[in-house]
Every structure is written in C-alpha cells, then in structure tokens.
Amino acid sequence: MVALEAYEAGLCKQCGEPLEASTAMENDFNNPRGTGVYRPVEGTPVQCHCCAALQRSERDTAALNPQFPAAMIHAVRLVPRR
C-alpha cells in the first residue's frame, strides 16, 4: 500500500499525468525552447455519460444537504432505456 500511495502522490490530481513530466519546464506550452508539449488528443473531448449522470444527481440533490453537498455519495448504473 505504501508503494501505491507513493506512486499516486507523484500524479497530478486532475489529469493523472506524472508530475515529474507535467510540471517540467521543458514541457511548458509557453516555453519556446521546450522539448515537448501537451496537446489535445484527436477525437476529444468526449462526454462520459456515466460522469454526466453523476453530475446531474449531484446538482439535483445538492439542496438535501446544503451544508456539505460534497459529502453526499452518488451512484449510477447503466440500465436499458425504456
């Protein structure tokens, strides 16, 4: 478990890329002398319909616990369309 925690600590909390690479000056978009640059992947962005359902649930139920809406645990599942 310690190895997993150490690995995850080295990742960006938003994109999941290794911080060593994603924060390196040589990969900065604004660095004309850089050796790399992050660019959008062709065919993206795409919408994750599961994440969209989770966000709808969060939005629709936020008033149930206005003091701590982020404490609400949401779950969705794929079901056949009626």
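The values are calculated or read from the model by the stated rules, or taken from the named source; none is laboratory data. All values reported here derive from a predicted model rather than from experimental measurement. As a convention, Cβ positions derive from the backbone with ideal geometry for all residues, glycine included, and neighbour counts pool all protein chains shown.
Only one entry of C12, C50 meets the criterion of being out of contact with any Lys or Arg (no Cβ under 6 Å at 6 or more places or on another chain), of a type in the set (A, V, I, L, M, F, W, C), within 30 Å of V79 (Cβ to Cβ) and at pLDDT 95 or above, and that entry is C50. Test L64 against the stated conditions and say whether it is in contact with a strand residue (DSSP E or B) (Cβ under 7 Å, 6 or more places away or on another chain) and aliphatic (A, V, I, L, M). When the stated conditions are applied, L64 does not pass them. Set side by side, the residues L4, L19 differ, and just one is surrounded by 10 or more Cβ atoms within 10 Å (Cβ to Cβ) and free of Cβ contacts under 8 Å to residues at least 12 places away in the same chain, which is L19. Determine whether segment 64-73 contains at least one residue that is free of Cβ contacts under 8 Å to residues at least 40 places away in the same chain, loosely packed, with under 11 Cβ neighbours inside 10 Å and among the β-branched types (V, I, T). Yes: one or more hits.
Once segment 25-63 is narrowed to residues that are aliphatic (A, V, I, L, M) and farther than 21 Å from C15 by Cβ, the residue that is surrounded by the most Cβ atoms within 10 Å (Cβ to Cβ) is A53. Residues that are of a type in the set (D, E) and not in a loop (DSSP other than H, G, I, E, B) within segment 1-37 comprise E5, E8, E20, E26, listed in sequence order.
Just checking, which of R77, R81 is among the basic types (K, R) and at pLDDT below 95?
R81
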